[in-house]
Every structure is written in C-alpha cells, then in structure tokens.
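**Q** Here it is: the structure, laid out below.
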Amino acid sequence: MKYGYGVDLGGTTVKLGLFTEDGRMIDKWEIDTDISGNGRNIPGDIGRSVLADMQKHTFQKSDYLGIGIGIPGQLWEDGTASAVNLGWDHQPLVSELQELTGLRVAGDNDANTAAMGEYWMGGGKGYRSLVLVTLGTGVGGGIIIDGKCLRGAHMAGGEIGHMPVNPTETRQCGCGNRGCLEQYASATGAARLAMEALASSPEPSTLRSAGKVDAKALWDAVKTGDCLAAEIAGTFCDYLGRGLAMISSTVDPEVLVLGGGVSRAGQVLIDMVTEKYKKYAFNACKNTPIVLAELGNDAGMYGSMANLL
C-alpha cells in the first residue's frame, strides 16, 4: 500500500490529509495560513506539518507517493505559484516543499483539485468525465475529461462563473465584464435576486421577516412552499440551467456535479435546475444527470491526493 498527502491551501487555513492510494483518508488536520511577508512562510509551514505527521507513522519513505496541493491561484509548469490573496508572484512552491520534505510534489488550482476529488471519490465517482460547478460567494468549477483536468491555454479552463449569460446586464461583475453567470447563480447572486424581488413585488413572503435575506433563507423559504421564494429560485435556476446547458454543449460530460454552499439546499435545487437545464440543453445532452457533490470541504484534499496517482 502507498500513501500520500492531500493539501488544500486556503487564504485562512491549510487543510491537510493523509490518504491511502485507494482513497481512504487516514487522518486530517488544519494549520493557519500565514500570509505575512507575502506568504513566504507558507511552504515551510506546510512542509514541517507534513514531516511532523510522517514521524507519527512507521511507513518507509518509499511508501509515500508525495504531496499533492491545491492553491487559490495558478501553479505554473516550472513549479512556481501565483496567488494574489497570498501575496505570491511566482513563489517557488514545488521546489521548496520538495527540498524540505524529500517528497514528490504535484499541484494545481484549488477549483481543479476539488473537481478531481469529486471525480475520484465523490459525486462523480464511476464516471469518465464531469464538470464540477461550485456555487459559493462566486461560481467556480473544474472540468475533468477521461480522468484529466482541462486547464486551458491560459489556465482559465473551468472559469464557469464568467460565462456571459445576460447580454443586457448593466452592472459589472468582479471580473470587469457584465452579465456573468456568477452575478445570478452564486450565493451573492441569490441574495441580490431575492432583495430585488422583495422590493418590486407586493406579494407576501416569509423572506420579509427573515432578518438576513441570503441564499440559505431563500431555499429554506422555497421548502416551506413560499410562492415568491419559489419564483426567485426559479430565476436563479434558469440562469444556472442555461449555464449548465452551455457547458454540456461544449464538453459533453457524463455528469454535472453541483457543490459549494448553495448546494446544501439539496434535492430541491437539483430538481429545479434539472427542469431548467432540460429547457436549454442540446438534444443529445438533455439527459445528462445533475447531482450533488459529496465531499464538501474535503474535496480539495482528495483531489490533491488523486493528482499524485
């Protein structure tokens, strides 16, 4: 049996897991992400944490496949990493980790590693291809085709949230364009759609007394039979279904996997977005299943481990 470390590097914490090569997580823990000094301490912190865990086990060094890592930015072919929120501009991440631990290092963008995790051991297990769409503050994603991640010529493969889905939008997305999918189908987008509907419609709704109108409140109201909430969620799902249809007609995956905080709405989200998706999808892709992600916040660790195999 071989073992490896899957690391999910975030702006606040670093999640680390020890895995067997067949996908069993033996242990997991977290350390703080030290972004001081343009993140210069991060590789050393990760390396020392891995070495400390290795000392807890009786495995030989030859038993380890290495360290897989997902970062909130780009990992270039020369092993350097760029991540604005960590202060990195071509940080020599791979060479530093390898020098400190003596282990092989493989890395990728965090969205890609999450997609690989769901492909390997999550909602996409058993399929040859998938697209993971993460519905959080923004909309992210990753594309896996025949077990390999589609990164693209500019490392922009899977930037699903910035597909233009509304040519009449006047407000600007964070990327600088207008009418991007994440302006509507994210947690932020759901809250905005809800607030706009409440302001423009006199229809009664439990959302009016919800206190904080956010994505969770919206989907909770849908589950109670709130008609206005269902209408708002329908708009949300119409944009998302249109986006998923565009993805399917481009890469034609075997399965579409929805993750991120909004996906905690569960089956009601799947049912509503599937109906909208079928409305827009190319005929050959209409029956592509849409399922929920299964690994939650552990997806990045699983995917980082899978990248070592």
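The values are calculated or read from the model by the stated rules, or taken from the named source; none is laboratory data. All of these numbers come straight from a predicted model, not from anything done at the bench. Here Cβ is always computed from backbone atoms with ideal geometry, including for glycine, and neighbour counts include all displayed protein chains.
**Q** Can you tell me which residues in the stretch 205-218 are out of contact with any Lys or Arg (no Cβ under 8 Å at 6 or more places or on another chain) and either surrounded by 11 or more Cβ atoms within 10 Å (Cβ to Cβ) or basic (Lys, Arg) (or both)?
**A** Ser205, Thr206, Leu207, Arg208, Ala210, Lys212, Val213, Asp214, Ala215, Ala217, Leu218
**Q** Suppose we filter Asp27, Asp53 for residues that are out of contact with any Gly (no Cβ under 6 Å at 6 or more places or on another chain) and either closer than 19 Å to Val105 by Cβ or small (Gly, Ala, Ser) (or both); which single one remains?
**A** The unique qualifying residue is Asp53.
**Q** Residues Tyr127, Tyr119: which one is in contact with a strand residue (DSSP E or B) (Cβ under 7 Å, 6 or more places away or on another chain) and buried (at least 24 other Cβ atoms within 10 Å of the Cβ)?
**A** So the residue among Tyr127, Tyr119 that is in contact with a strand residue (DSSP E or B) (Cβ under 7 Å, 6 or more places away or on another chain) and buried (at least 24 other Cβ atoms within 10 Å of the Cβ) is Tyr119.
**Q** Test Gly174 against the stated conditions and say whether it is within 23 Å of Pro72 (Cβ to Cβ), modelled with pLDDT under 95, not basic (Lys, Arg) and not in a helix (DSSP H, G or I). Reasoning before the result, please.
**A** Details: within 23 Å of Pro72 (Cβ to Cβ): yes; modelled with pLDDT under 95: yes; not basic (Lys, Arg): yes; not in a helix (DSSP H, G or I): yes.
Against the criterion (within 23 Å of Pro72 (Cβ to Cβ), modelled with pLDDT under 95, not basic (Lys, Arg) and not in a helix (DSSP H, G or I)), Gly174 qualifies.
**Q** Of these, Val291, Val213, Val222, Val273, which one is at pLDDT below 95 and of a type in the set (A, V, I, L, M, F, W, C)?
**A** Just one listed residue meets the conditions, Val213.
**Q** Find the residue count for the stretch 158-179, including only residues that are surrounded by 16 or more Cβ atoms within 10 Å (Cβ to Cβ), without any contact (Cβ under 8 Å) to a residue 24 or more places away in the chain and closer than 23 Å to Gly70 by Cβ.
**A** Qualifying residue count for the region: 2.
**Q** Considering only the stretch 195-227, how many residues are farther than 16 Å from Ala265 by Cβ and assigned to a helix (DSSP H, G or I)?
**A** 9
**Q** Anything in the stretch 228-258 that is assigned to a helix (DSSP H, G or I), surrounded by fewer than 20 Cβ atoms within 10 Å (Cβ to Cβ) and not small (Gly, Ala, Ser)? List them, or say none.
**A** Glu231, Thr235, Met246, Thr250, Val251
**Q** Give the residues of the stretch 142-177 that are among the aliphatic types (A, V, I, L, M) and farther than 26 Å from Ala293 by Cα, sorted by residue number. Spell out the reasoning first.
**A** Of the residues in the stretch 142-177, the ones among the aliphatic types (A, V, I, L, M) are 143-145, 150, 153, 155-156, 160, 163, 165.
Ala153, the sole residue that qualifies.
**Q** Can you tell me which of (1) out of contact with any Lys or Arg (no Cβ under 8 Å at 6 or more places or on another chain); (2) closer than 25 Å to Pro167 by Cα is the one Lys276 doesn't meet?
**A** All conditions pass for Lys276, except number (1).
**Q** For Gly11, state whether it is crowded, with 21+ Cβ neighbours inside 10 Å and either touching a Lys or Arg at 6+ places or on another chain (Cβ under 9 Å) or outside the structural domain of Glu159 (by TED's automatic domain parsing) (or both).
**A** Against the criterion (crowded, with 21+ Cβ neighbours inside 10 Å and either touching a Lys or Arg at 6+ places or on another chain (Cβ under 9 Å) or outside the structural domain of Glu159 (by TED's automatic domain parsing) (or both)), Gly11 does not qualify.
**Q** Could you say whether any residue in the stretch 228-241 is without any contact (Cβ under 8 Å) to a residue 12 or more places away in the chain and either assigned by TED's automatic domain parsing to the domain that holds Ala81 or over 27 Å from Gly303 (Cβ atoms) (or both)?
**A** Yes - at least one qualifying residue is present in the stretch 228-241.
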